[in-house]
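The values are calculated or read from the model by the stated rules, or taken from the named source; none is laboratory data. Here the structure is a predicted model, which is why all the values come from computation and not from measurement. Reconstructed Cβ throughout: ideal geometry from the backbone, glycine too, with neighbour counts over all protein chains shown. What goes into the accessible areas is simple: the full protein's heavy atoms, side chains included, and nothing from ligands, DNA or RNA. Shrake-Rupley method; radii C 1.70, N 1.55, O 1.52, S 1.80 Å.
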Amino acid sequence: MSKILRYLPIVCSSCLIAVGEVMAFPPGLMAALGLIMAVGLLPLVLLLARRDQASMIEWGMTAYVAVAGLSFLLWPGGAGRAVAAAPVAVLYGVLFMAVVLPPLFGGPLFTEYFAKKSTPEAVWQTDIFLTINRNMSRVWALLFAACCLSALLPLAFSPPRGPVPHIVFYAFIPLVLLLGVGLPFTLKYPGHYQRKLGIEPVTGVAATSAAADPPDPNQTFPPETPAASPKEAVMSQTGKIVAINGSPHGGVGNTSLMIEMFRPTLRQEGFDLEVITLNGKNIEYCTGCALCLEKGKCWIPDEHRGLVSKLMEADGIILGAPVYFMHVPAVMKNFFDRSLAWGHKTPDTHKPGLAVSVAAAFGEVEVADYLARLLHVYGAYSVGTLTSLATGPGGFLGKEAVEARAQDLARDLARAIKEKRRYPASSGELFFYLHMGWLVNNHKDGVMADDYRHWREKDYYQGFEKFVDQQWSPNMGSDETRKAWIKGMIEDYKNKGKIKPRPATSATPKSAPPAEMPQNCHALIQGMPTVFQAGQAEGVDAVIQFKVSGEESFDAYLRIADGKCQYHEGQAEAPALTIETPCDVWLDIAFGRKDGQAAFMQGLYKVQGDISLLMRLNTMFSLR
């Protein structure tokens, strides 16, 4: 429907000219017809403009019918007569003005509308994009001027009347100019311009009619990702990733190409990617006045605060920059410098983020790590870094590996958002907390007044757990466990000479029990008295209770006294040691498939009572 509406200004202009030629341009009729068309077209074009679907072609055609109607109404003997004498020339004259006038008053370039429909937003503010559009718009201005002159030639030379002059000067010559000159130039010039800069252009796009849709002068840029299907469009509302591109090359450099590598996978995962290119943004240098620390925001009124707000509102963020003299470029560094107001506050959003860097020789790993550390300023933590080596635009070393890594990281980023995943706190965060907490507290009545207010509101001074929003898990061991472990280790060392080494059993795999060993947990525990080592149990008078769960569920206990061990079913009244274990875990420990101490520390089984007795089981019972 929108495409049909876009053709109405062209249809109305053509109809106005056709009616005038047939009716000999009667002033009253032409004034009424032109103004009625203009009144009808104006709200239509405004509606298209609100939808970002109105180019300067639609505006120019609407202006033409309005100019024609007003000419016949206000000055029929002058301007009206001129329109009647050369209606096609006036049409191309209006289109010429639609190309020339808007940029003079801060409006868009003539070809810019069409270029933005087929190029990513990241390139719109680059010098290359603007220069190509500026040059292409000049060519279209010259073409429209030439078409206007062609339509005026019948008046200058007074050729004979009839359809042939009209066809030649009104249609044939303009079509030759637009399609024979303008179209080839439009298709070839962008690639030629980029090759002069050493950039390998992306080729191929078909152009439509020059009158309806002028060929896109920027099709040699990397093409925009295909439009999402209805299902993808719904999914894209679930989350948004915002990327900051700190490369002075803007949307045509390797940093931009690497960021774009995330887009397909993120779209598959249901996330939109918005790329903000810092080059060309109005961001003044940081003055170092520190007023932002005291008042909570920078006093400089430019675009920086709005860009940071986008990062804060995003579900995930990406920071990308190339290596310039072992660091980020000046435009990226200035963006970080101006972020000091957020640097000490650390928002508690805990969103995931990525860091991207590329170098021609070295330094990309260090710069990526630097970017990853700065993610916390914008309330994010690092999921990973994407680095590469490249010596020219698109000339990546191992491009397939870089793309594969980008896809993996995009999936990790999406998964972290969906699962609300958190990464473990680090020593770097602990150092930041200790140092910044001390610094802010020491300057709370002066330069860091707003920082101190933020720390107090967030209750960060309660402790590091509050700062990182993570809690210490309870210690699985105890001081008693530690002492028992040390005591057993010392006793083993003292008795090392008394204990004869067991012969190697290389013929029997360690993962499977020998044939004579019991094949279930109940038989295993019941048979423990048969392998009891009385010499290793001197002075032991205790009951060991087993509570077995899983496929086998039973209670049993061993009574050790006077150098003897006895097995009993059920529960003992006052066991010295109680072991609660799944049957498969105890079998794995007995047959050597699991380390008993490691299994205990992992919580695979539980123990209550005399831990030192547990530490001696391995020596009191020779199960293997």
Quick one: in region 546-570, which of the residues that are surrounded by 12 or more Cβ atoms within 10 Å (Cβ to Cβ), over 16 Å from F532 (Cα atoms) and small (G, A, S) is farthest from the chain's Cα centre (by Cα)?
A556
Residues that are open to solvent by 20 Å² or more (accessible area, probe 1.4 Å), within 26 Å of C289 (Cβ to Cβ) and hydrophobic (A, V, I, L, M, F, W, C), drawn from region 307-335
M312, A330, V331
Within region 254-267, residues being open to solvent by 50 Å² or more (accessible area, probe 1.4 Å) and either in contact with an Asp or Glu (Cβ under 8 Å, 6 or more places away or on another chain) or part of a loop (DSSP other than H, G, I, E, B) (or both) number 1
All but one of (1) open to solvent by 30 Å² or more (accessible area, probe 1.4 Å); (2) at pLDDT below 90; (3) farther than 24 Å from E491 by Cβ; (4) not hydroxyl-bearing (S, T, Y) hold for F591; state the number of the condition that does not hold.
(1)
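Yes or no: region 274-294 includes at least one residue that is in contact with a Ser or Thr (Cβ under 6 Å, 6 or more places away or on another chain), open to solvent by less than 20 Å² (accessible area, probe 1.4 Å), modelled with pLDDT of 90 or more and outside any loop (DSSP other than H, G, I, E, B).
In the first step, residues of region 274-294 are kept if they are in contact with a Ser or Thr (Cβ under 6 Å, 6 or more places away or on another chain); the result is none.
No, region 274-294 has no match at all.
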Note on L266: of the conditions (1) of a type in the set (A, V, I, L, M); (2) touching a Phe, Trp or Tyr at 6+ places or on another chain (Cβ under 9 Å); (3) farther than 30 Å from N442 by Cα, unmet is (2)
Regarding region 471-493, can at least one residue be identified that is open to solvent by 50 Å² or more (accessible area, probe 1.4 Å), assigned to a helix (DSSP H, G or I), closer than 30 Å to A314 by Cα and without any contact (Cβ under 8 Å) to a residue 60 or more places away in the chain?
no
Could you say which residue among P575, P501, P513 is modelled with pLDDT under 80, buried (at least 18 other Cβ atoms within 10 Å of the Cβ) and either in contact with a helix residue (DSSP H, G or I) (Cβ under 6 Å, 6 or more places away or on another chain) or not aliphatic (A, V, I, L, M) (or both)?
P513
If I filter region 397-418 for residues that are open to solvent by less than 40 Å² (accessible area, probe 1.4 Å), at pLDDT 85 or above and not in a helix (DSSP H, G or I), do I get at least one hit?
yes
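Evaluate the following for L149: is it at pLDDT 85 or above and among the aliphatic types (A, V, I, L, M)?
Working: at pLDDT 85 or above: yes; among the aliphatic types (A, V, I, L, M): yes.
In short, yes.
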